[in-house]
Structure formats: C-alpha cells, structure tokens
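Student: Let me begin by handing over the structure; questions about it come next.
The values are calculated or read from the model by the stated rules, or taken from the named source; none is laboratory data. Keep in mind the model is a prediction, meaning the values are calculated, not measured. Cβ placement follows ideal geometry from the backbone for every residue including glycine, while neighbour counts extend to all protein chains displayed.
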Amino acid sequence: MTEQRYLPDADDVTAFEATVEEATEAFVVLDGTYFYPEGGGQPADHGVLEWDGGRADVVEVRTNHGDVRHYVENREGDLPDPGDAVEGHVDEERRRDHRRMHTAQHVVSRVVLDDYGAETAGNQIHADRSRIDFEPADFSGEDVRAVERKANEAIESDLVVTKAERPRDEVEERVDEGRSLLDLIPDHVDPLRVVEIDGFDYCPCGGTHVDSLGDVGRVRITNRESKGEDTERIEFVLEPAE
C-alpha cells in the first residue's frame, strides 16, 4: 500500500525520494508518494520520476486497491527494480494551479450554500478553469455577480487554510448540512482529512489546497448554465490579486 505523503498538510512538497515496489512498462508503484492521484473532481499531478540510469514522465496517477500507480511515458533507460531508490518531481506550476483552484471551489461552494441554500452536487477542477454544479438552484445574473463579489471578499480577507485529520464523529458533528457528501465516504474511513478555512468553512476533502486565501487570487465567473431541473452550473477562472 502506498503512503500518500502529501496528507494531511504537506501539499506544498513537490520533490521527494521513495522506494520502488513495482515497475511495469505502464506504471510505477512506490512505497510513498507526494503525487496527487486523480479524484474528488481534481486531476492528477504530473511530473517526473528519476532513478539510477533512467527517468520517465509521469502523465497520470491513479489509486488501485491501496496502491498509487504512477503511469509513465517517454522512459529513458531500463525499468527500475523493486527496492530501487527514485526521486520524484511534481510539476510545481500544475500543483500550484490546482491548489488555488480547489480552494477557490470551496469558497464559492460555501458562499452559495450560505446565501442560496444550494449544495455542491459535483465539481471539476482544472489548472486554468473550473466548474461547480449546484442544486437546488436557479440563479439570476444578479445572483451570479453577488456570488463572485462575496467569494472575492472572502479571499481578500486572507484567512488561514488548515488541513488536518479529524475524528469522524467530530466531523459529522461540525460539518454543516449540505456542505459535504459524508454518506459517500465509507464508515470505516476514520479519521477524515478536513480542510478548514478559519471561521468560514469546514469540509472533509482529500485534495490539495493553499495555506492562506490570499494565495488564491481573484475569482471571475465566466458562465452560468442550467444542467437540468433545479441544477445550475457555474464556471470560473482565477486572476491575479489586484
């Protein structure tokens, strides 16, 4: 089983050493990794693995029964053997963009829940754009402008973002109704990794996030569309802070 070493709060680490547990033409499994595997609406990290006499580009990362598979392309040299040491290098720019976007998603979701009572039904993070589906929701153009304004007001407050493991019973007691799909997390998962924006939001999440809202930038909502009865999609990008 691969130790996911970026949890709970080391998601700023992008260079590390690890030991090979399995290596095939398609993927490499390590004893521990700081690469984020695809999940929770967030894409996988990309980067490079290097070992004595070889290297390969990491183009996808996925979990498989407890293992984290680093899917590789453009390999140079022979495959590493189990027990060999490797150096991992996560694409810093991609990781930074995903951290900013994922935290921005939490901010927008919090604003919409508080002001419109709509839950986050799904989201998809990208490095350059993101989207969130809300329900039940029926936003007007004025509503969308208000969401953008209030999200940016929260970001400008530069609140601290804390990532930590919390006992499941504490999370179930503290998280607001509609802010988390706790019923989709198996009961045996305890403790839960929680992302908390000081005094603003508290949500179980396994994704990568900034350490302070001031690192996010500014949210600009680019589109709103209906995705069916009572479901609205908001799309947004991030711009540098003014």
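Student: Residue 164 passes all but one of (1) of a type in the set (A, V, I, L, M, F, W, C); (2) more than 23 Å from residue 94 (Cβ to Cβ); (3) without any contact (Cβ under 8 Å) to a residue 60 or more places away in the chain; which number fails?
Tutor: With respect to (1) of a type in the set (A, V, I, L, M, F, W, C); (2) more than 23 Å from residue 94 (Cβ to Cβ); (3) without any contact (Cβ under 8 Å) to a residue 60 or more places away in the chain, residue 164 is out only on (3).
Student: Still on this structure: Considering only residues of the stretch 14-50 that are hydrophobic (A, V, I, L, M, F, W, C) and part of a loop (DSSP other than H, G, I, E, B), which is surrounded by the fewest Cβ atoms within 10 Å (Cβ to Cβ)?
Tutor: In this case the residue turns out to be 26.
Student: Just give me the residues in the stretch 178-198 being in a helix (DSSP H, G or I) and surrounded by 12 or more Cβ atoms within 10 Å (Cβ to Cβ), in sequence order. Spell out the reasoning first.
Tutor: From the stretch 178-198, those in a helix (DSSP H, G or I) are 182-184; that's our starting set.
Residue satisfying the conditions is 182 alone.
Student: Go through (1) in contact with a Leu (Cβ under 9 Å, 6 or more places away or on another chain); (2) in contact (Cβ under 8 Å) with a residue 12 or more places away in the chain; (3) not basic (Lys, Arg) one by one and return the number of the condition residue 172 breaks.
Tutor: Condition (2) is where residue 172 drops out.
Student: Looking at (1) assigned to a strand (DSSP E or B); (2) over 30 Å from residue 106 (Cβ atoms); (3) not hydroxyl-bearing (Ser, Thr, Tyr), which is the only condition residue 83 fails?
Tutor: It fails just one condition, (1).
Student: Then there's this: More than 23 Å from residue 34 (Cβ to Cβ) and in contact with a His (Cβ under 8 Å, 6 or more places away or on another chain): which single residue out of 169, 201 fits that description?
Tutor: The unique qualifying residue is 201.
Student: When you look at residue 219, is it of a type in the set (Val, Ile, Thr), out of contact with any Ser or Thr (no Cβ under 8 Å at 6 or more places or on another chain), within 27 Å of residue 44 (Cα to Cα) and assigned by TED's automatic domain parsing to the domain that holds residue 127, yes or no?
Tutor: Answer is yes for this residue.
Student: Here is a follow-up. If only one of 122, 54 is at pLDDT below 95 and surrounded by fewer than 17 Cβ atoms within 10 Å (Cβ to Cβ), which one is it?
Tutor: Going through 122, 54 in turn, just one is at pLDDT below 95 and surrounded by fewer than 17 Cβ atoms within 10 Å (Cβ to Cβ): 122.
Student: Which condition number does residue 104 fail, the rest of (1) crowded, with 22+ Cβ neighbours inside 10 Å; (2) at positive phi being met?
Tutor: All conditions pass for residue 104, except number (2).
Student: Please specify each residue of the stretch 191-204 satisfying the condition of being touching a Lys or Arg at 6+ places or on another chain (Cβ under 7 Å) and either modelled with pLDDT under 95 or closer than 29 Å to residue 141 by Cα (or both).
Tutor: Scanning the stretch 191-204 gives 200, 201, 202, 203.
Student: Another question about this same structure. Can you tell me which residues in the stretch 142-155 are free of Cβ contacts under 8 Å to residues at least 40 places away in the same chain and more than 13 Å from residue 220 (Cβ to Cβ)?
Tutor: Across the stretch 142-155, the qualifying residues are 142, 143, 146, 150, 153.
Student: If you check 56, 26, which single one turns out to be farther than 16 Å from residue 77 by Cβ and either in the same structural domain as residue 129 (by TED's automatic domain parsing) or among the hydrophobic types (A, V, I, L, M, F, W, C) (or both)?
Tutor: From the options 56, 26, the qualifying one is 26.
One line per residue, one yes/no per condition, for (1) in a helix (DSSP H, G or I); (2) surrounded by 14 or more Cβ atoms within 10 Å (Cβ to Cβ); (3) touching a helix residue (DSSP H, G or I) at 6+ places or on another chain (Cβ under 6 Å):
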position: 131; (1), (2), (3): no, yes, no
position: 139; (1), (2), (3): no, yes, no
position: 142; (1), (2), (3): yes, no, no
position: 149; (1), (2), (3): yes, no, no
position: 155; (1), (2), (3): yes, yes, yes
position: 162; (1), (2), (3): no, yes, no
position: 176; (1), (2), (3): no, no, no
position: 208; (1), (2), (3): no, yes, yes
